[in-house]
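Read the structure below first, then the notes.
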Amino acid sequence: MQLSQPSIDPSFVFDLYRGRLSTEILCAVACRTKFFQKLEKSPLSSNEIQVQLGWSRRAISVVTTALKAMNFLIEDSKGKFQATEAARLFLNSESEFALTGYLGLSAQSPAVTSFLEAIERHVPSATTESGTAFTFRSDKPSAMDDPDFARFLTMSLAGRGRCVAPVLAQVSPPRAGETTLLDIGGGSGFYSIAYLLAHPQMKAVVWDRPEVLKVAQENAEAHGVADRLECIGGDMFTDNFPIQADILLVSNILHDWDVPEIHHLLKHWHGQCRENARLILHDVYLNDALDGPLPIALYSADLFYLTEGRAYSRSEYLQFFRETGWRTDSEQKVQPTSSHCGTLEAVR
């Protein structure tokens, strides 16, 4: 059973779905904080926002990126944020043309309240004393080890993977001599399956939580590649790789984590993979200036709320690679796949 790709890129569906974040961000910031009133008095740096509003570094990055993408905020050469003319006119409640009253019709909604609480909280909203919901941490209980929730989440995310996987296998094919792929956090297994169907010489291992892998195994059998795809459970933060692979595929994983965790993962993987192993980072990317594009800025806000991470830019990821020992071309461009995703590469 081959994996075909859809005739239409589904990006617009995700854009419509994530469009709700525009309302949550605008209403939370313009109606329920003094952010734009403070900017009217003086431009603010990230440090000053942190002191005056109490937002975390991650929250500041997510909110300012979204507001820049909406053309309500600019950042000067000194790293200070200023309101645009549109923001001064319409989002400052003290302006005679303020639209904050109109926006205020939704400002007390549960969704806006929840987002406001998230940006004012000092720990990720996705992590609580009782554990995590959408990610796995070995030091906390995780819903990803609950059979029903793990299946629900894996199946929920499988739709995007099913659409994008065939494109990824074409955009970043194996090179000469590359025959083994380790799919880190591979979930439903569709990315590995696409590689195996497009490149019959290859074998793959999907490395994820045991409950998640039940779905990957079912998909491998349904697509006739179970003889070349092995599902192995593990913890990507602490465990050694189950195989020494030629290609490490990391698809839509790192954006679930904050910068310290990304550094840990990249160092951990670098320290144990074979020389010249190639890492393919498949993800969404913000502009290097962190001013959009708006669909990814809104996706970043969604990630902020649901996980411990956010969306990152090409330049940020390339810096992460360099800081953790990976060799990478600092001039490389993102190679687009589908659904706003694309690839960057690094070598051990």
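Here are Ile296, Ile280: which of them is farther than 25 Å from Ser22 by Cβ and either touching a Phe, Trp or Tyr at 6+ places or on another chain (Cβ under 8 Å) or at pLDDT 95 or above (or both)? Show your work before the answer.
Working: Ile296 fails: farther than 25 Å from Ser22 by Cβ.
Just a single option satisfies the conditions, and that option is Ile280.
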Within the bounds of the range 227-248, is there any residue that is on the phi < 0 side of the Ramachandran plot, in a helix (DSSP H, G or I) and of a type in the set (A, V, I, L, M)?
no
If we only count helices (runs of 4 or more DSSP H) wholly inside the range 7-121, which ones have 2 or more residues that are at pLDDT 95 or above and within 16 Å of Asp302 (Cβ to Cβ)?
11-18, 20-26, 57-69, 110-120
Criterion (under 26 Å from the mean Cα position of the chain (by Cα) and not basic (Lys, Arg)) met by exactly one of Ala107, Ala83, Ala59, Ala98
Ala59
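Let's see how each residue does on (1) basic (Lys, Arg); (2) modelled with pLDDT under 95; (3) surrounded by 18 or more Cβ atoms within 10 Å (Cβ to Cβ); (4) not in a loop (DSSP other than H, G, I, E, B):
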position	(1), (2), (3), (4)
Lys140	yes, yes, no, no
Phe149	no, yes, no, yes
Phe152	no, yes, no, yes
Gly159	no, yes, no, yes
Val164	no, no, yes, yes
Glu178	no, no, no, no
Gly186	no, no, yes, no
Tyr191	no, no, yes, yes
Val206	no, no, yes, yes
Identify the single condition in (1) modelled with pLDDT under 95; (2) hydrophobic (A, V, I, L, M, F, W, C); (3) at positive phi that Leu306 does not satisfy, given that it satisfies every other one.
(3)
Selection count where residues are surrounded by fewer than 17 Cβ atoms within 10 Å (Cβ to Cβ) and in contact with a Cys (Cβ under 9 Å, 6 or more places away or on another chain), scope the range 236-270:
1
Sole exception among (1) assigned to a strand (DSSP E or B); (2) over 30 Å from Val112 (Cβ atoms); (3) charged (D, E, K, R) for Asp283, by number
(2)
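Only one of Leu266, Leu298 is within 25 Å of Ala216 (Cβ to Cβ), touching a residue at least 60 places away in the same chain (Cβ under 8 Å), assigned to a helix (DSSP H, G or I) and aliphatic (A, V, I, L, M); which? Write out each step before concluding.
Values: Leu298 fails: within 25 Å of Ala216 (Cβ to Cβ).
Unique residue meeting the criteria: Leu266.
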If a residue must be among the charged types (D, E, K, R) and within 12 Å of the chain's Cα centre (by Cα), how many such residues does the range 299-325 contain?
3
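Tell me which residues, restricted to the range 325-345, are among the charged types (D, E, K, R), exposed (fewer than 15 other Cβ atoms within 10 Å of the Cβ) and in a strand (DSSP E or B). Steps first, please.
Of the residues in the range 325-345, the ones among the charged types (D, E, K, R) are 327, 329, 331, 333, 345.
Still in the running and exposed (fewer than 15 other Cβ atoms within 10 Å of the Cβ): 327, 329, 331, 333.
Arg327, the sole residue that qualifies.
Taking Phe136 as the residue in question, decide whether it is farther than 16 Å from Val225 by Cβ, modelled with pLDDT of 85 or more and either of a type in the set (Phe, Trp, Tyr) or in a strand (DSSP E or B) (or both). Don't jump to the end; show me each part of the working.
Values: farther than 16 Å from Val225 by Cβ: yes; modelled with pLDDT of 85 or more: no; either of a type in the set (Phe, Trp, Tyr) or in a strand (DSSP E or B) (or both): yes.
When the stated conditions are applied, Phe136 does not pass them.
Of all the residues that make up the range 261-283, how many are of a type in the set (A, V, I, L, M) and in contact with a Lys or Arg (Cβ under 7 Å, 6 or more places away or on another chain)?
Pass one, the range 261-283, residues of a type in the set (A, V, I, L, M): 262, 265-266, 277, 279-281.
This time we only want the ones that are in contact with a Lys or Arg (Cβ under 7 Å, 6 or more places away or on another chain), so: 277.
Qualifying residue count for the region: 1.
The values are calculated or read from the model by the stated rules, or taken from the named source; none is laboratory data. If you're wondering where the values come from, they're calculated on a predicted model, not measured in any experiment. Cβ atoms come from the backbone with ideal geometry, glycine included; neighbour counts cover every protein chain shown.
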